[in-house]
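Before any comments, here is the structure.
No lab work stands behind these numbers, since they all come straight from the coordinates. Keep in mind the model is a prediction, meaning the values are calculated, not measured. Ideal geometry is used to build each Cβ from the backbone, glycine not excepted, and the neighbour counts take in all protein chains shown.
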Amino acid sequence: MKTLVKVGVTALLILGSAVCRGNIDIIPRPQEIESGSGSYEITASTELVYSKGAQATADYLAEVLAPAMGFELRVKRGRKSTGGIFLGLDEATADSMGPEGYTLKVGSDGIEITAATESGLFYGVQSLRQLLPVSVFATGVIDEVWDAPFVTIEDQPRFGWRGMHLDVGRHFMPKESVLKFIDLMAIHKFNTFHWHLTEDQGWRIEIKKYPKLTEFGAWRDETVVGHARHYIQKKLPFVYNGLPHGGYYTQDEVREVVAYASARHITVVPEIELPGHAQAAVFAYPEFASSAEKIGVKKEWGVSHHIYSPEDKTIAFLKDVMDEVLELFPSEFIHIGGDEATKTLWEKSPRIQELLKERGLKDMHEMQSWFVGQFDEYLTAKGRRLIGWDEILEGGLAEGATVMSWRGAKGGIAAASAGHDVVMAHNGYLYFDHYQSKDEREPLAIGGFNTLDKVYSYEPVPEELDPSDAKRILGAQGQLWTEYMPNMTHVEYMAFPRACALAELLWLPKEDKDYERFSRSLEVHLKRLSLQQVNFRPLHLDTAEETNRYQ
Ligand code: ACM
């Protein structure tokens, strides 16, 4: 077997400008690339042949090529033969290629993608799309020679959890835009969509047993104008826009999203927040609130102290909710939130103080830990796994819990050292709601400062971690909290191209990352995103056309 050489910076420089055909500008960068000379052309008469088990991937490839090419490739089951495109599934290669790996060969005798799993094949297909002229990403017919350069790629991801999170609680995002977001994730070989479905400012998933969650909890009368901090710091009354906002996904819509993601090898991990971020839910069902205070769905940004009461009846209610959630989401991991649960009302309530004593707990952190523990037991019994934000470490971590480390790496280090699995969501690098530059033309954001190169520099496995615990770091994900992103166009501006950098750092071994090369490939890649009508943040705001702004 030939040794594969990596196409390095020098080779790219010799080949000339980044847009020169023949360059490999795939994002995320494949691990091993051996370039040849020549190219193979796909035409209307090219056959797309697949082996047993690979039909869905073959159909997907034909479907994504058709809009720009203007023809649908003939898809048929068969053996590899000379010419055409062949997608081959061979489980026997699992050991050498890994569960998500693939080989992609383009030569004079055609295009061949092989993998041990359909996920691997799917990633091979994504790489093939990016080998073709960028116009293959157009949504209308283009007159083009559809040639792919001769190449051999052997590839597999570094991490198994390659995620993007989306908060649809602060601003509801219609199903169609969620589907587009999933397509964009697929292009970048992400495999986990963390769907943040419940918030103080809105409950977004239909629960049949508790219809008031969406009848009342999915709608707020109006929303604060500008940055919430402005009012808090100056002790000014909030000013609102007078515009009702809301929406929710029916269970049929949820099923559609889950199936759409699954067809793109993306697992949807739902987040049902507890015990905090519950104001919309306890407005709808005050019997599960921690105080009798009259409230509505929260209209301002910031953390509400209206959290669930830790009564047994609340646990029973949330288990009913979870029963329906588990029916809809086949994901092994179920996210229970756990962050920013202010204990003010628990501390003040004589009834909850009494409960604390009854349960033999020391303080309200232990009460939260008890609360989360109920769902660890429940999910484990159902064959699922609990994941929560790093606050679930406070008061004692539930036995089966996986930790999502957002307040830096500390929580991740503590959890991994204690033998728990971890997903990194570091707010210093992976919060895509933070500003992308100090340019005053940037749209209003929550704060922070997180540039593209900073994202690219991120290393998910903390240095402090004992090497024997490194395997506990399942991967990482980018966070899109939408307080200051009123619609999906704005979400795209904040997500891209930072998500491109994240996709690459999750895919490539650390020593193979190269920001210069990534930046050059990104110039080409952004043309693809443009053709997909993605409102990405331009690399240079001063020369950007108005069409690529955030609104
Ligand atoms: C978080 O940002 N509250 C997880």
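Structural remarks
- Largest-first principal axis extents, alpha carbons of region 372-450, Å: 51, 24, 19
- Counting only DSSP beta bridges with both residues in the chain, the antiparallel share comes to about 35 percent.
- Geometric descriptor of region 268-319, per residue, is 92 Å³ (volume of the convex hull of the Cα atoms).
- Other-chain or far-sequence residues with amide H under 5 Å of residue 269's (modelled H): 193, 194, 195
- Region 185-195 - phi-based ³J(HN,Hα) in whole Hz, Karplus 6.51/-1.76/1.60, Gly and Pro as x: 4, 4, 4, 9, 6, 6, 10, 9, 10, 8, 9
- Whether region 204-279 is rounded, prolate or oblate, judged on the alpha carbon gyration tensor where a/c under 1.5 counts as rounded: prolate
- Each Cα pair of region 20-103 feeds into the Kirkwood radius, which the Stokes-Einstein equation turns, at 4 °C and 1.567 mPa s, into a diffusion coefficient of 88 µm²/s.
- Region 405-551 shape via C-alpha gyration tensor axes, a/c threshold 1.5: prolate
- In sequence order, calculated HN-Hα J values of region 290-307 (Karplus, 6.51, -1.76, 1.60; Hz; x Gly/Pro): 9, 8, 8, 4, 7, 9, x, 5, 5, 10, 10, 8, x, 8, 8, 8, 7, 9
- Applying a DSSP loop filter and a limit of 15 other Cβ atoms within 10 Å to the trypsin sites (Lys or Arg not before Pro) in region 166-242 leaves 208, 209, 234, 235.
- Charge dipole magnitude, Cβ of K and R +1, D and E -1 - region 62-156, Cα centre, debye nearest 20: 320 debye
- The C-alpha atoms of the chain define a longest principal axis, and helix 515-531 lies at about 90 degrees to it.
- Beta bridges per DSSP with both ends in region 269-426, % antiparallel, nearest 5: 10 percent
- Dipole check for region 289-375: with +1 at the C-beta of Lys and Arg, -1 at the C-beta of Asp and Glu, and the Cα centre as origin, the magnitude is about 420 Debye.
- Among 239, 372, sorting on how many other beta-carbon atoms sit within 10 Å of each Cβ, with the fewest leading, yields 239, 372.
- Toward the positive end of the charge dipole of the chain, with +1 on the Cβ of Lys and Arg and -1 on the Cβ of Asp and Glu, the farthest Cα among 480, 334, 31 is that of 480.
- Kirkwood hydrodynamic radius (C-alpha pairs) into Stokes-Einstein, the chain, 25 °C and 0.890 mPa s, D in µm²/s: 99 µm²/s
- Rounded if a/c under 1.5, otherwise prolate or oblate - region 290-332, Cα gyration tensor axes: oblate
- Take the Cβ atoms of residue 363 and residue 303, set R0 to 25 Å, and the FRET efficiency comes out at 0.80.
- Proxy reagent accessibility, fewest Cβ within 10 Å first, across 437, 291: 437, 291
- Between region 118-165 and region 301-372, the Cα center-to-center distance that results, in Å: 44 Å
- With Cα atoms, 0 to 90° folded angle of helix 498-507 axis to the chain main axis: 70 degrees
- Whole-Å semi-axes of the ellipsoid equivalent to region 317-392 (Cα gyration tensor, √5λ, descending): 26, 13, 11
- Of all DSSP-defined beta bridges confined to region 191-316, some 50% are antiparallel rather than parallel.
- Total charge dipole magnitude, the chain, about the Cα centre, Cβ charges on Lys, Arg, Asp, Glu only, Debye to nearest 20: 320 debye
- Principal-axis tilt of helix 55-69 within the chain, Cα atoms, nearest 10 degrees: 70 degrees
- Ranked list, fewest to most other Cβ atoms within 10 Å of each Cβ, for 349, 468: 468, 349
- Derived scalar couplings ³J(HN,Hα) [region 164-180; Karplus, 6.51 cos²θ - 1.76 cosθ + 1.60; whole Hz; x for Gly, Pro]: 10, 10, 9, 8, 9, x, 5, 10, 6, 10, x, 3, 4, 6, 5, 5, 5
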